[in-house]
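Heads up: the structure comes next, in structure tokens.
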Amino acid sequence: MEHLLYFFKDLKQVGAIAPSSKFLAKDLVSQLKKKLAGNDCSPLRILEIGAGTGPLTKQIIKHLRPKDQLDIVEIHKKFFQIVKTKYRQQNVQAHHSDILHFDPNYQYDFIFSSLPYENMPEKVSREIWEKKLNLCNPEAYISYFKYVKFRDFKSDFEEKVVEKYGQNEKIVLLNLPPAKVYTLEVNSGGTVTSDSVNVA
């Protein structure tokens with residue numbers, strides 16, 4: 001009920017009528033789980049953008065090893081306080097910040113996001129996608145979801161990113177509302193920038 005109240009209070013920041021289901025969260029972390037199954041997997045840097053009340057965070061942390069690092073960026077003050085209080089461990093750091101103003105001195109192997117792109121102006125959506133690409137290591141993965149609608153993409157830039165790097169798509173019906181999970185493999189072989197997407 002608390003999430004629903006915040007949805008009506010601040011639609012553009014929250015963007016959902018209910019927290020992501022555990023089924024959606026599990027599908028979002030499937031590539032991370034697969035990566036960690038390899039015995040030669042070195043320590044990972046992981047970023048989660050827009051954690052909300054933390055259903056996806058919970059699934060990420062289930063697979064987190066002691067030497068892996070998870071940064072959580074949440075712009076909504078109340079949700080930031082929830083995840084900061086709920087997930088207290090040495091290799092998890094919560095940041096109360098707009099992702100566009102978040103500037104770590106390193107890049108990430110996995111980036112997860114639960115942002116309401118469809119509720120954003122296209123310019124803001126593009127800026128966030130450019131930011132995510134610039135925060136990626138050369139062979140990083142981006143996992144995110146969109147609610148199932150008749151038109152998949154509101155932003156042309158987002159659509160081009162998915163066309164270039166898309167690895168897998170899956171519809172999750174056991175979520176309110178149903179959602180499509182996108183897994184992108186940003187395998188540019190070098191430093192990733194928005195220029196590499198070739199979108200005018």
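Descriptive notes on the structure:
- Linear extension gain, Y106 paired with I171, 0.36 nm per residue minus alpha-carbon span: 20.2 nm
- Size descriptor for region 28-135, Kirkwood hydrodynamic radius: 14.4 Å (Cα pairs only, one decimal).
- Note that region 39-126 presents 50 Å² accessible area per residue, ligands and nucleic acids not counted, probe 1.4 Å.
- Part-to-part distance (alpha-carbon centres) for region 98-169 and region 54-79, which is given in Å: 17 Å
- Listed by chain and number, the lysines placed with their C-alpha closer than 19 angstrom to that of K67 are K33, K34, K35, K58; residues fewer than eight positions away on the same chain are left out.
- Trypsin sites (Lys or Arg not before Pro) lying in DSSP loop within region 55-150, provided at most 13 other Cβ fall within 10 Å: K67, R88, K149
The values are calculated or read from the model by the stated rules, or taken from the named source; none is laboratory data. Given the structure is predicted, the values throughout are model-derived calculations rather than measurements. Neighbour counts are summed over all protein chains in view; Cβ atoms, including those assigned to glycine, are modelled from backbone coordinates with ideal geometry. Just the protein is used for accessible areas: all its heavy atoms, side chains included, with ligands, DNA and RNA removed. Shrake-Rupley method; radii C 1.70, N 1.55, O 1.52, S 1.80 Å.
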